1. Is it the case, given these coordinates, that residue B:207 is crowded, with 22+ Cβ neighbours inside 10 Å, under 21 Å from the mean Cα position of the chain (by Cα) and free of Cβ contacts under 8 Å to residues at least 60 places away in the same chain?
2. Let me spell it out: the conditions are (1) surrounded by 15 or more Cβ atoms within 10 Å (Cβ to Cβ); (2) within 27 Å of residue B:84 (Cα to Cα), and residue B:221 meets all of them except one. Which number is the exception?
3. Looking at this structure, is residue B:155 buried (at least 22 other Cβ atoms within 10 Å of the Cβ) and within 26 Å of residue B:72 (Cα to Cα)?
4. Scan region B:180-203 and give yes if some residue there is modelled with pLDDT of 95 or more, more than 14 Å from chain A (Cβ to nearest Cβ) and over 19 Å from the mean Cα position of the chain (by Cα), otherwise no.
5. For region B:90-202, which strands (runs of 3 or more DSSP E) that fit wholly inside it have 3 or more residues that are under 20 Å from residue B:233 (Cα atoms)?
6. Any residue in region B:256-263 that is surrounded by 14 or more Cβ atoms within 10 Å (Cβ to Cβ) and within 14 Å of another protein chain (Cβ to nearest Cβ)?
7. Tally up the residues in region B:108-121 that are more than 13 Å from residue B:158 (Cα to Cα) and surrounded by 20 or more Cβ atoms within 10 Å (Cβ to Cβ), please.
8. Examine region B:212-234 for a residue that is under 17 Å from residue B:111 (Cβ atoms), away from every other protein chain (no Cβ under 14 Å) and touching a helix residue (DSSP H, G or I) at 6+ places or on another chain (Cβ under 7 Å), and state whether such a residue exists.
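The values are calculated or read from the model by the stated rules, or taken from the named source; none is laboratory data. Values in this document were obtained by computation on a predicted structure and should not be read as measured data. In this analysis, Cβ positions are derived from the backbone assuming ideal geometry, glycine residues included, and neighbour counts consider all displayed protein chains.
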């Protein structure tokens, strides 16, 4: 069942059946369970790269803030929207996590 | 009276066909010429004509009926479709892609696209221009080396392509004509006697899309889009799993990747040949001396 409740301290990671390849700054994700493929471009690829099952969303937002000069509010809003989409697509799962 | 073809081995599928007319057996021997083998065939297809007030044609494999049709061309097309399907199903050790391909200097130009995109007509035109013929339907990648084993099946040209390639109309015995009325099956050596490619490596990915009346245009395609396309084009990625995906990523990284839209076959062919020349020159310039 898809969970949609998450907040800044949530720690998320790619589902175990996913394999990803970085291609010229984009990320291509293959789901070995159902054969589906997903392409993430630009900032979406950067967010995906940070979803390692150790960083909380707050930590990820801080990292992105330093990469993109958009301001914390905008980066936080965009990140949350994107994470929600990845959860709906079934690509992310919640983990106990540990901040680095 | 029945006539049996020789035995054929197409990738990992071996078969022969038994038909009610000698001319039809000879026609099948001709279109499966590249797959001839001296080994005994494991599987036997048959087309039987059932005589009644209006004749019926049945297609069977190893004695099990697959289809019965009133029209001989429907039965014949189904036979060829079924053989192709069994080639795909029995050749799982290869990573199989739904794509046409031609070869030049040991490098393959992969043309992955859905049915109706013009990949068969384009590969036919490229082979006519001097490139080697790999396949018009199934690219068979060896997962270890990423070399391509050619699958040079007869090119299947539907009526929509006949006007562009009238010279490829097969010459068949009058008795065979009813069987091939709705499809031309062109044995590659009819295009050029030396048309068959040998094993080659992926060098280009060009995804074609035919659009009526469109001016031919070509644009670079990102490697991520190329990889997604290759994944979607794979017949049997579920059998190769994550390793197969990584191998396709290697293909996308090693190839020059383009999208081609065309309405005129000759223009499309010219553009692809220019891409090849341009990339070969770029490779020559970039090569360390």
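1. no
2. (2) is the only condition that residue B:221 fails.
3. When the stated conditions are applied, residue B:155 passes them.
4. no
5. Qualifying strands (runs of 3 or more DSSP E): B:95-104, B:107-112, B:132-135, B:138-141.
6. Yes - at least one qualifying residue is present in region B:256-263.
7. So the count comes out to 6.
8. Yes, region B:212-234 contains at least one residue that is under 17 Å from residue B:111 (Cβ atoms), away from every other protein chain (no Cβ under 14 Å) and touching a helix residue (DSSP H, G or I) at 6+ places or on another chain (Cβ under 7 Å).
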